[in-house]
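Notes follow once the structure below has been shown.
Bear in mind that the values in this text are calculations on the coordinates, not laboratory data. Bear in mind that the values here come from a model prediction, so they are computed numbers and not experimental data. Cβ sites come from the backbone with ideal geometry, for glycine too, and all protein chains shown count toward neighbours.
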Amino acid sequence: MSKLPVLSANKVVKVLGKFSFYPVRQTGSHIHLYNDDRNLVVTVPNHRELAKGTLISIIKQAKIRRDEFLAEL
């Protein structure tokens, strides 16, 4: 498994957009993204840098494989 890079919330939102997620609302510093096909809501904290564990959690919430996510970077 390759290492995850340090990403900003904006970059993660752009990558999730390639998987048909789109922002539906923002609550404080958290952006909520929705995917119609998978009927999923993913929450991304709006920070300059996301911790590795947070990024892993976001990928799991989105039900995307890590290698697929990294391929879209």
Under 15 Å, Cβ to Cβ, from residue 9 - net charge with Lys/Arg +1 and Asp/Glu -1: +4
Proximal charge balance of residue 20 [Cβ under 14 Å; K/R count +1, D/E count -1]: 0
³J(HN,Hα), Karplus 6.51/-1.76/1.60, whole Hz, each residue of the range 56-73, x for Gly, Pro: 4, 4, 5, 4, 5, 4, 7, 6, 10, 6, 4, 5, 5, 4, 5, 5, 8, 5
Label assignment, Rg/Rh (Cα atoms, Kirkwood Rh) derived from the structure, set (1) 1.23; (2) 0.92; (3) 1.08: (2)
